[in-house]
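Trainee: Got a structure here, written out as structure tokens. Questions coming.
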Amino acid sequence: MQMADHYSPQWALKETTYFDHETHRFRVGDLEIEGGRIHAVKPPGTSTFEQAVPAREWVCTPGLVNVLAGAPLIDGAPERLLSAGMTTAGTLYATARECIVAATRTRLRLVTRLILNPFARARSQQRQPDAEARAPEIHALERLNALVRCNGGRFSIAMHCPSIVSAYELVYAQNLATALRLNLSFVLSDNARSARAFRERFYSSETHLLSYLQLLRPGTTVLGLSQLTRADIDMLAHSGADVPGLKAISTPQRRTRGHRRAPAGTASDGSRSGLFCGGCASCRDVDACVDAVTVSAAAALGEPACGRIAPGMRADLCLFAPPGTDPLGGGSETFVQLFESRRPDAVIVGGTLALGAWNTPIHDKAGLDVGRTHRREPAPPLSHCR
């Protein structure tokens, strides 16, 4: 049950301590929310909105953004992500039906990616690159895109690079994405064995092959950075493609510590949220990690209005009960510590309470009831769109 921005009322969080991305510091202010977006950020105590929620002792952050959530967001997984503070997520699905089911059963702001490998392999064997040959896939994917959008989600397509058997498959996917005007994601190997097998098969790394085929371009997203070499990092940094988490592993400090550590935006052991890379040695590193799971990840998902508390941005927020120490004036380190040490007491998506405990300041407030979403229609059969 995706959250609908236009169902959110006009209200304000008054005198809350919120995270400001411009300075990467916590400040105090009034957050005015209207139509599911942040209408204004005002000095503390100056909001004139009639419906105001006192939040002086509460800490407010933007919701986390997960570019690749991993497991399919079905059967309770969305609630687990929400409870960790994730308000926007992208994931991979093998069939059209899974995309529709996920879009109708989550309060997350969801970007569904359909894996194109089966389509691409079939066309690779037929060697039919022209648009007429791709027409059946284009028609099916256009319909799927419309259905996902009808249910409040966003649709895109992806290629799982370790599974390809021909470079033609990657070119096919790019041509299809161009024809559909959809974002295309390339998912790289997530373990050393898979990366080594790819190099033995194509005599190059996945990144080098994508670069050689001129597929690393603005509008494409590259996911899965755990097996990158330094040459791969440099190539991606100069490519113009969206690479969530690249900034966090591109600094000289991180290179000296080894490039195979899990970058921000991917799952990591010992991380409550599963998003932060941990072990940041300097303030610059921590700022990059926070950006990687908020504004940078949102941009890579095609949701640039998410991940930041500022006028015009979507009201996707996390509220934390007062911590043991005063966060006011704290920086990105405080942001990370909040998510790594506890779970949010309330999660707001599109200005509407998606998850909240009884003691949160917005519990049972008029118009902010948990689960208030727009109406859903049963998904039509999609057997022919598989």
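Trainee: Just wondering, is there one or more residues in region 251-265 that are touching a Phe, Trp or Tyr at 6+ places or on another chain (Cβ under 7 Å), of a type outside the set (V, I, T) and modelled with pLDDT under 90?
Mentor: yes
Trainee: Here is a further query. Hey, could you check region 54-63 for residues that are buried (at least 21 other Cβ atoms within 10 Å of the Cβ) and out of contact with any helix residue (DSSP H, G or I) (no Cβ under 7 Å at 6 or more places or on another chain) and say which is nearest to H21 (Cα to Cα)?
Mentor: Only one residue fits best here, namely P62.
Trainee: In addition: A305 fails exactly one of the following numbered conditions: (1) of a type in the set (A, V, I, L, M); (2) in contact with a His (Cβ under 9 Å, 6 or more places away or on another chain); (3) assigned to a loop (DSSP other than H, G, I, E, B); (4) modelled with pLDDT of 85 or more. What is the number of that condition?
Mentor: All conditions pass for A305, except number (2).
Trainee: Looking only at strands (runs of 3 or more DSSP E) that lie completely in region 100-218, which have at least 3 residues being under 24 Å from the mean Cα position of the chain (by Cα) and not hydrophobic (A, V, I, L, M, F, W, C)?
Mentor: So the answer is 109-115, 154-160.
Trainee: When region 160-207 is examined, which residues are found to be touching a Gly at 6+ places or on another chain (Cβ under 6 Å) and either over 15 Å from T221 (Cα atoms) or not assigned by TED's automatic domain parsing to the domain that holds T221 (or both)?
Mentor: D190
Trainee: Might you let me know whether region 42-53 holds any residue that is under 24 Å from V295 (Cβ atoms) and in contact (Cβ under 8 Å) with a residue 60 or more places away in the chain?
Mentor: Among the residues of region 42-53, not one is under 24 Å from V295 (Cβ atoms) and in contact (Cβ under 8 Å) with a residue 60 or more places away in the chain, which makes the answer no.
The values are calculated or read from the model by the stated rules, or taken from the named source; none is laboratory data. Only a predicted model underlies this, so the values are computations on that prediction, with no experimental measurement involved. So basically every Cβ, Gly included, is an ideal-geometry build from the backbone, and we count neighbours across all protein chains shown.
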